[in-house]
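Down below is the structure, laid out as structure tokens.
The values are calculated or read from the model by the stated rules, or taken from the named source; none is laboratory data. Values in this document were obtained by computation on a predicted structure and should not be read as measured data. Using ideal geometry, Cβ is built from the backbone for each residue, glycine included, and neighbour counts are taken over all protein chains shown. SASA here: full protein model, heavy atoms, side chains in, ligands and nucleic acids out. Shrake-Rupley method; radii C 1.70, N 1.55, O 1.52, S 1.80 Å.
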Amino acid sequence: MQGHILVGITGGIAAYKTPSLLRLFVKAGYEVRTIATEHALQFVTPLTIETLTNNKLHTDLFAAVAERHTEHISLAQWADVMVVAPATANCIGKLNAGIADDMLTTTLLALNKPLFLAPAMNENMYTHFSTQKNLQQLQANGVHVIEPTEGFLACQSEGKGRMAEPETIFQQIDNFLHPKEGMGIKAVITAGPTYEPIDSVRFIGNHSSGKMGYCLAEVLARKGVEVELVSGPSHLSCNHPNIRLHKVETAAEMFEATAALAPTADIAIMAAAVADYRPAHIADHKIKKSEQHLQIDLEPTQDILKTLCAQKKEGQFFVGFALETDHEEENARHKLESKKADMIVLNSLQDAGAGFNTPTNKVSILRPNSEILHLPLLSKEETAERIVDTIFETINKKR
Ligand code: PMT
């Protein structure tokens, strides 16, 4: 059992997202108990909440007498952490003023455990001096506030006040209860192919799906690492709150985005299949078909890995990939040395199930002054876990 989470639900439209939060906690092995205000029950049903948590939903301070006389005290004692999601301006105000007039606010007052609030309201209500003052005072007293985000609000306006996504709330609390090895570490990862335009409709691309890079991002994010994922065109998506996705198309765009992020990264992993050449001139119209041969003049792109490794600072750890078709180890060793990387992950198109566009990969890991490490054919998720473990082991040894 991961721990005991007490979830308070107040009456805001964002309460429709609370069942997803409950599900995340339950799925991760937490035991979850819930308290809803009367207003919250206008937005979510007890049946949904009780089915998801497999526990009774507490709503009425006095109905609780039938079971236990001081349920608000025993729930507060039972919890390892309490979160109110959504937390309305009304609930935040009552908590800061010490008002306890229902089951939720009474329990909040009886609580001496860590408390998280996920505010959700209209932007004017959120930025109101009274709400801001309440939040500041609560934070000064050790309450954790999970910032709302900006976006389209239920009142049909745009602004700050959307409750943080369930994944973000879950992650913050899970990280708080179970600090992860990668917390405080920043990584930048490149993934996917690049598309180099020839004219307004055609491009030079490659078969990379992005999967290897996205799996690495996911594994690092689960370890608590803050990941900047710079991705070429890929149909994949990621919704881990620790991953920020930067979409690019060309090698030049990938270089620009990665170079801007690398100086503050502790780890960089270049898993993208970046074009080595691009058309020197892009036709501004669709090139017409003719019976003549067509020659396209190609010029080299900038090598992202090599450029960034040359600017690498003390303590940074930069990893490249090598996709080879022949003389694999020799070529990969040459890339490790010529690009001055800390590690090269070699995958060969000679190995069935390795490389591009497959759910699996078979890689070997090369590091300076170390024996080559051969991994078996594994799913890309498992391959990413083994690569990340090796990166952490190597960094820890260096310290
Ligand atoms: O995306 P998937 O379908 O899951 O496939 C994964 C993969 C096969 C693309 C991946 O595992 C992989 O091998 N990526 C690197 C592919 C590649 O371009 O290898 P390379 O040997 O040409 O390049 C060597 C290294 O230099 C790579 O880290 C590459 O990202 C980097 N590079 C290359 C050219 C360039 N202009 N800039 C670079 O940074």
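Taking +1 at the Cβ of each Lys and Arg and -1 at the Cβ of each Asp and Glu, which of I296, A275, Q316 sits farthest along the dipole of the stretch 272-321 towards its positive end, judged by Cα position relative to the Cα centre?
Selected residue: Q316.
Compute the Rg/Rh shape ratio of the stretch 43-173: radius of gyration over Kirkwood radius, all on alpha-carbon atoms.
0.97
Relative contact order for the chain: what is it in percent, counting Cα pairs under 8 Å that are at least 6 residues apart?
Values: 828 pairs, mean separation 41.2, N = 399.
Across the chain, relative contact order equals 10 percent.
Counting DSSP beta bridges in the stretch 184-260, what percent are antiparallel, to the nearest 5?
15
Could you please state, rounded to a whole Å, how far the C-alpha centre of the stretch 201-249 is from the C-alpha centre of the stretch 106-156?
Cα centres, the stretch 201-249 to the stretch 106-156: 32 Å.
Leaving ligands, DNA and RNA out of it, report the carbon-plus-sulfur percent of the accessible area of the chain at a 1.4 Å probe. Don't skip to the end; give the middle numbers.
Values: 10120 of 19970 Å².
Of the solvent-accessible surface of the chain, carbon and sulfur hold 51 percent.
Roughly how big is the chain's charge dipole about its Cα centre, with Cβ charges of +1 (Lys, Arg) and -1 (Asp, Glu), in debye to the nearest 20?
Numbers: 37 positive and 47 negative charges, 97 e Å.
Result for the chain is approximately 460 debye, rounded to the nearest 20.
At 7 Å along the Cα-to-beta-carbon direction for both K133 and H178, put a label point, then send me their distance in nm to one decimal.
Rounded to a tenth, the inter-label distance reads 4.2 nm.
Pop a pseudo-label 7 angstrom from the Cα along the beta-carbon direction at both K113 and H327 and give the gap in nm to one decimal.
6.3
Between T70 and R222, what length in nm is gained on full extension when 0.36 nm per residue of separation is reduced by their alpha carbon distance? Please report the intermediate quantities before stating the final value.
Working: separation 152, 0.36 × 152 = 54.72 nm, distance 3.84 nm.
This chain segment gains 50.9 nm when fully extended.
If I take R0 = 51 Å and measure r between the Cβ atoms of S338 and F62 in this structure, what FRET efficiency does the formula 1/(1 + (r/R0)^6) give, to the nearest 0.05?
Details: r = 75 Å, r/R0 = 1.48.
Here the calculated transfer efficiency is 0.10.
Between K160 and D199, what is the label-point separation in nm under the 7 Å Cα-to-beta-carbon projection?
Modelled inter-label distance: 4.9 nm.
Looking at the chain, do any whole DSSP H helices span at least 18 angstrom along their long axis by alpha carbon and average -1.0 or above on Kyte-Doolittle, and which?
Once both thresholds are applied, what remains is 380-398.
Quick one: of the DSSP bridges fully inside the stretch 252-399, what percent are antiparallel, nearest 5? Don't skip to the end; give the middle numbers.
Values: 11 of 21 bridges.
Close to 50 percent.
Could you give the accessible area per residue of the chain, probe 1.4 Å, as a whole number in Å²?
Per-residue accessible area for the chain comes out at 50 Å².
Average projected area of the Cα convex hull of the stretch 226-382, in nm²?
On the way: hull surface 48.6 nm².
In nm², the orientation-averaged hull projection of the stretch 226-382 is 12.1.
Could you tell me what percent of the DSSP beta bridges with both partners in the chain are antiparallel, to the nearest 5? Could the numbers behind the result be given before it?
Working: 17 of 61 bridges.
Percent antiparallel among DSSP bridges in the chain is about 30.
With all distinct Cα pairs included, what does the Kirkwood hydrodynamic radius of the chain come out to in Å, to one decimal, could you say?
Values: mean 1/r = 0.0415 Å⁻¹.
Answer for the chain: a Kirkwood hydrodynamic radius of 24.1 Å.
Using every alpha carbon pair in the stretch 192-232, what percent of pairs falls into each 10 Å bin from 0 up to the bin containing the largest distance?
Percent of pairs per bin, in order: 27, 38, 23, 11, 1.
Give the peptides 137-146, 213-222 in descending order of average Cβ contacts within 10 Å, highest first.
Top of the packing list down: 213-222, 137-146.
Which value, in debye to the nearest 20, gives the size of the charge dipole of the stretch 208-254 about its Cα centre, when Lys and Arg are +1 and Asp and Glu are -1 at the Cβ?
180
Can you work out the FRET efficiency for the pair D351 and L298, with r the C-beta to C-beta distance and R0 = 25 Å, to the nearest 0.05? Walk me through the numbers before you get to the answer.
Details: r = 29 Å, r/R0 = 1.15.
So, using R0 = 25 Å, E works out to roughly 0.30.
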